[in-house]
Amino acid sequence: QSFLESSITLVLPDISPTPTSIDRAKTFVGAVNRGKRRESAMALISEYEEEESGTKPSSSAASPPAQPSTFTAPFDPSNPLGIVEKLFDFLAAECDYLSKDAAEKEIAAAAKAAKEKRRRKEEAVAEREKADAAKASLSNKRLKEEVKEEKKKEENGVRGFVMASTVPNKGNGLDLDNYSWTQTLQEVTVLVPVPHGTKSRFVVCDIKKNRLKIGLKGQPPIIEGELYKPIKVDDCYWSIGMVSTEDQNTISVLLTKHDQMEWWKTLVKGGPEIDTQKVEPENSKLADLDPETRQTVEKMMFDQRQKQMGRPTSDEIQKQDILKKFMAEHPEMDFSRAKIN
């Protein structure tokens, strides 16, 4: 009672003043100084404490949240356990995880999972490399087969070409798949089979001094190219007629050689060639030649036989005779060290 009747001053330490708290304090002090009842004063004190406890932040809310820590360490490939030991030291310093009973099992399980992941990755890489190797092997095998096949074709082609180039037909020419040709020293005869019933108006035959083109209209040429040697266009002609078989006609082309002292190796340049050393003129035709032509043919035949036997030709024999005569006329000259072509 004496406390309520006396005049007091209220001191609230360690409390940050706010407008509300200051008003409450003033009301409380005024009530006490005016001699109000103890119950009223205590009610004001209780109300103030409740408001202050409601507005005062809790210690847990005031503490800041924990920040994540960063682990950094160099990795030495020669000592992989070094970084693992440093990681465990870091965990021991930052948290109590290693003190848990399940920590050892969980770490072992993580290591096993990483090992299994690496194994699957290595298996996938090995399978991919194996598939790539099998694919490359198959490609190489196919490439080798193609090269072998091409080489075989080339060999067959060369073999056929050599055979054609060394063995003329009976007419001293060549028999090909879609045409044949024969020759004498004066002329070349070309035979081109065409379908039965082919008329002359369907034939394309273009004869020029150095070129020949034979075929049918609307179709690719059967023969087209530069002739082996020039011809006399005015003395050339062509015709179409029947042959022994009834299912085809034949275009026959006669070409008169410009140089009538030479055998042709081929009809058109770039085509298969014959070996002119194996040309065999018919004796009956040789007897019909004029003396000059006959002498030339006989000389050519002699040279061919000499070459086949590895002996000098008539020209080479003549040159040797001239050289011997020159050496005999000049005995004062020493030819022992001379190189003579």
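Just so it is clear, none of the values below were taken in a lab; they were calculated from the coordinates. A quick note: this is a predicted structure, and the numbers were derived from the prediction, not measured. So basically every Cβ, Gly included, is an ideal-geometry build from the backbone, and we count neighbours across all protein chains shown.
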Next item on the list: Take peptides 110-121, 175-186 and line them up by average Cβ neighbours within 10 Å, highest first, as a rough protection proxy.
Entry: 175-186, 110-121
Notebook entry, point to check: So for SER200, SER252, fewest C-beta neighbours within 10 Å to most, what's the order?
Noted result: SER200, SER252
Next item on the list: For the range 261-277, just list the computed ³J(HN,Hα) in residue order, Karplus coefficients 6.51, -1.76 and 1.60, θ = phi - 60°, integers in Hz, with x standing in for Gly and Pro.
Entry: 10, 9, 8, 7, 7, 8, 6, 10, 5, x, x, x, 10, 9, 8, 5, 6
Next item on the list: Provide the FRET efficiency to the nearest 0.05 for the ASN140-ARG119 pair, computing r from the beta carbons and using R0 = 45 Å.
Entry: 0.90
Margin query: Expected output is a single nm value to one decimal: the length gained when fully extending between TYR237 and LYS86, i.e. 0.36 nm times separation in residues minus the C-alpha distance. What is it?
Written below: 44.0 nm
Item checked: Full-extension gain in nm, LYS100 to THR313, via 0.36 nm per residue minus C-alpha separation -> 65.6 nm
